Each structure stands twice: as C-alpha cells, then as structure tokens.
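Student: Once you've had a glance at the structure underneath, I'll fire off some questions.
None of the figures in this text is laboratory data; all of them are computed from the coordinates on show. Note that the coordinates shown come from a computational prediction; the quantities given were computed from them, not determined experimentally. All Cβ positions, even for glycine, are placed from backbone atoms using ideal geometry, and neighbour counts span all protein chains on display.
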Amino acid sequence: MAALSDTTGAPHARVLGVGAYRPSRVIPNSEVIAAIDSSDEWIQQRSGIKQRRWATPEETIQLMSVEASKQALERAGLTGEQVDCVLVATVSHLLQTPAIATAVAHELGTNQAPAFDISAACAGFCYGMSMAADMVRAGSAKHVLVIGVERLSDLTDVYDRGTAFIFADGAGAVVVGPSDTPGVSPVVWGSDGEHFDLIRQREDWRDVVGGPDKPGSGLMPHLVMQGNPVFRWAVYAMAKVAAEALERAGITADDLDLFVPHQANMRIIDAMAKAMKLPDSVRVARDIADQGNTSAASIPLALDRMIAEGEARSGDTALLIAFGAGLAYAAQVITVP
Ligand code: UT7
C-alpha cells in the first residue's frame, strides 16, 4: 500500500469579513394583504414583519451574491483571487444545474475556485459556515466564501395565506479564513426528515410539465408551509440545539454578546431567547421586522445590520442558529470580525 501525503490546515478558523445586499424594492404589509385577506395588524402580531424586501428582475441571485461577497472580501482585506472555495446556500436558484456558485466564483475573479451550492434551506448558511471552518482547519482551502442568498419572491404564491407575507429576498456573505485562536465553534447540526413535508415546494417539475396521461399544472412550484407545526417544533427543539452549541463552544449564555437566530418569526426569536434564559445584556437580532424571512440569507443579513448599527462589535461572541425545510438545522458560536 502506497503511503499517501495529506494536508493540515490552520490551527483554527474565524470569520474575517461580513457583507450584505438588500434588494431595492421595499414591500410594506399593505401591499400583500389584499390577496390573502389579511391585515397589517395580524401580520405584525403573528410574525413581527412590518415590511420585506423583494428583488427587481435585475437583482438576480448572482448579482446579489456577488455584491454581498465583494463587501465581505473588502472588509476582510482580500481579493477574489485569494478565495479558495465558494459555497452558496440557496433554495431559490431556479436552475437545478449548474450551481450558481460557479458563476459567482467566476465573476468575483477567483482562480477557478471550487464552487457549489448547498441545499439546506434556512439552515444552509450555518451548514456552509461549518463546512468552511472545517476546510480551513483541514487545509483544503485557506479562504472560503460562504454566501446565503434567496429570491423567495420567485417561489412565493402571493395568494397563499400561509406564506405570502413571510418570504423575502436578499444576500449575505462571510469570508472564513485561518486564525490562531478559535473563532468558529464546533457545529451542532442535524435533520428531522420525519417532517419532510412541513415546508416544501408544492409540486415537482414533472407535475408542472405533465405527461401523456396527465396534463401539467403549468404553475410555478411554489413554496408551501404548515406554519404552526414548524413554529412549535422550532421553539421546542431549537432551544436544546442552542444549549448544546453553547456547551460545545465551552461557554454559557452569560458569555454571549449577541444572539443571531434565523429570522423566521419574531415570536420564535422571542420564545427561543426566553427558553435559553438569555441575560438582558445579550443583543438579539431582529432584522425580520424590515426584511422578512430570507431563508439562507437571513443570518448574515441580520449580522451585517448589527455590525452596521454598532450593536455588534469586533471580538463579540455570537450564537447563530438556523432551522427550516427538511427539517434541517444547525448552530454554532462565532467571534465577530
Ligand atoms: O423559515 C423557515 C422556518 N419557518 C418558520 O419557522 C415559520 C414558522 N411559522 C410561523 O411563523 C407561523 O406559524 C405563521 C406566522 C406562519 C402563522 O402564525 P400562527 O400563529 O401559527 O397562525 P395559524 O396558522 O395557527 O393561524 C391562526 C389563525 C387561523 O384562524 P382561526 O382558525 O384561529 O380562526 C388562520 O385561519 O389565523 C388565520 N390566518 C390568517 N389570518 C390573517 C392564517 N393566515 C392568516 C393570514 N392573515 N395571512
């Protein structure tokens, strides 16, 4: 048996820069309520959403990804050529193949960096963060770009009461790179496929196109969600995952400066913070009020806002936790760059 050589990477990994792209269309609740027989009051009370961002036709998945990445790279003091891998977490890139990540890697001027998409819905960004930190520590990449991006408006049925007011568009990105001290804690991740059907596309492409025996629907395969079971699952199951993430990071809630959960619903955010008994000093991300639920993009967008508004400072300790379709989930603690 031949002895193979192996790589070893940096002792630790950390986030080096954060960037974001918020699409230009601001959609207040008043614009979505007529089609779903709802009210501004109901939406705010049940979800905490006041308005959301939807992309224009020009604000493509690729454009939003590239803009958020350029910002993250600039803040990390790096150029596209220094990116060794591009991970794009998304469920709304409408081509099943090729991955949008390769086009993003090319446009950013990477040196033909490996690039692929991650399909883990709202958990996708935290999945990517974990993989990026592992790559840096294992030596398969020095700088990894992790992007969360969605154009959920493309997959939203504006007449569906259960989803039309929730989903939104945007992109967030981070660069993960080498560090002398730990800056991304071990991930706690998993999936609960027993609940595969709770959030899903209504139909697959065969149903859309149809066949000799059955005409196709001709309709976009929109997202549908059984919101209430997801809500209850998130509050019950995610508090445990969050506690485990703190334990694996070797800290307690008292050591946290920031709590940056997936921006699914303000009531879920509040219930999780309560269940975790977070001290009042922990600043909680509440980007959902103005941005809506952007699935894979929600955590980096929320983190970017906290940095921009001075709520998050360099060196702060932040707990990230994400959950969604699958049901897939992931959590880790990071140090703010
Ligand atoms: O990002 C991926 C993960 N996703 C999530 O974590 C989302 C989790 N779920 C949620 O955020 C919430 O379940 C929703 C915000 C989607 C819904 O809130 P809810 O408190 O679970 O409402 P519900 O579905 O239990 O409905 C309560 C009531 C019902 O009326 P009755 O039966 O009490 O008379 C619904 O018919 O509200 C009614 N309703 C609405 N009313 C006005 C349902 N949708 C609407 C609506 N406008 N859009």
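Student: For His12, which sequence-distant residues (separation of 5 or more, or a different chain) have an amide H within less than 5 Å of its own amide H, given hydrogens modelled in the peptide plane?
Tutor: Ser179
Student: Along the Cα-to-Cβ line of Tyr236, 7 Å from the Cα, sits a label point; which residues in the range 193-214 have backbone N less than 11 Å from it?
Tutor: No residue qualifies, since no backbone N sits under 11 Å from the label point.
Student: How big is the Cα convex hull of the range 124-240 in projection, averaged over all directions, in nm²? The partial results should precede the final answer.
Tutor: Numbers: hull surface 42.2 nm².
It is 10.6 nm².
Student: Would you compute, for the Cα atoms of the chain, the largest minus smallest coordinate along each principal axis and list the three values in descending order, in whole Å?
Tutor: Extents along the principal axes, in whole Å: 59, 52, 41.
Student: Looking at Ala13, Ser185, Val144, which one has the Cα that reaches farthest to the positive end of the dipole of the chain (charges on Cβ: Lys, Arg +1; Asp, Glu -1)?
Tutor: Farthest towards the positive end: Ser185.
Student: As a check on your grasp of the helix formula, calculate [θ] at 222 nm for the chain: sum -39500 (n - 2.57) over DSSP H runs of n ≥ 4, divide by the residue count, round to the nearest 500. Walk me through the intermediate numbers first.
Tutor: Numbers: 10 runs with 104 residues, N = 337.
That comes out to -9000 deg cm²/dmol.
Student: Explain nothing, just the number: relative contact order of the chain, from Cα pairs under 8 Å at least 6 residues apart, as a whole percent.
Tutor: Values: 856 pairs, mean separation 86.5, N = 337.
RCO, the chain: 26 percent.
Student: In whole Hz and in residue order, list the ³J(HN,Hα) couplings for the range 285-299 that follow from phi through the Karplus curve 6.51 cos²θ - 1.76 cosθ + 1.60, θ = phi - 60°; x for Gly and Pro.
Tutor: Taking θ as phi minus 60°, the curve returns 5, 9, 5, 4, 4, 9, 10, x, 9, 9, 6, 4, 8, 5, 5 Hz for the range 285-299.
Student: Alpha carbon centre of the range 229-254 versus the range 291-337: separation in Å?
Tutor: 14
Student: Percent antiparallel among DSSP beta bridges with both residues in the range 193-337, to the nearest 5?
Tutor: So the antiparallel bridges in the range 193-337 amount to around 65 percent.
Student: With label points built 7 Å along Cα→Cβ from the Cα atoms of Arg206 and Ala2, find their separation and express it in nm.
Tutor: It is 4.3 nm.
Student: Next question, about the same structure. Got the relative contact order for the range 12-179 handy, in percent, Cα pairs under 8 Å and 6 or more residues apart? Don't skip to the end; give the middle numbers.
Tutor: Details: 381 pairs, mean separation 59.2, N = 168.
Answer for the range 12-179 is 35 percent.
Student: Here's another thing I want to ask about it. Averaged over all directions, how much area does the convex hull of the C-alpha atoms of the range 207-337 cover when projected, in nm²?
Tutor: Values: hull surface 39.5 nm².
For the range 207-337, averaging the hull's shadow over all directions gives 9.9 nm².
Student: When the chain is fully extended, how far beyond the present Cα-Cα distance does His195 get from Asp40, taking 0.36 nm per residue of separation? Show your work: numbers first, answer last.
Tutor: Details: separation 155, 0.36 × 155 = 55.80 nm, distance 3.01 nm.
Difference between extended and current length: 52.8 nm.
Student: A follow-up question, please. Contact order normalised by length for the range 188-335, with contacts defined as Cα pairs under 8 Å and 6 or more residues apart; what percent is it? Kindly include the intermediate steps, with their values, before the conclusion.
Tutor: On the way: 229 pairs, mean separation 48.5, N = 148.
Computed value for the range 188-335: 33 percent relative contact order.
Student: If you don't mind, another one. For the range 41-188, just list the percent of Cα-Cα distances falling in each 5 Å bin from zero outward, please.
Tutor: 2, 10, 18, 21, 18, 13, 9, 6, 3, 1, 0
Student: What number, in nm² with one decimal, is the all-direction average of the projected area of the convex hull of the alpha-carbon atoms of the range 180-265? Working shown, then result.
Tutor: Values: hull surface 36.4 nm².
Approximately 9.1 nm², given one-decimal rounding.
Student: How much of the DSSP bridge set in the chain is antiparallel, in percent, rounded to the nearest 5?
Tutor: Of those bridges, close to 70 percent are antiparallel.
Student: A further question follows. On full extension of the chain, what length is gained from Val158 through Ala10, given 0.36 nm per residue of separation minus the C-alpha to C-alpha distance? Mind showing how you got there, number by number?
Tutor: Numbers: separation 148, 0.36 × 148 = 53.28 nm, distance 4.73 nm.
Length difference between fully extended and current span is 48.6 nm.
Student: Sticking with this one: Using the Karplus equation 6.51 cos²θ - 1.76 cosθ + 1.60 (θ = phi - 60°), what ³J(HN,Hα) coupling, rounded to whole Hz, does each residue of the range 204-211 give in order, writing x for Gly and Pro?
Tutor: 9, 4, 5, 5, 5, 7, x, x
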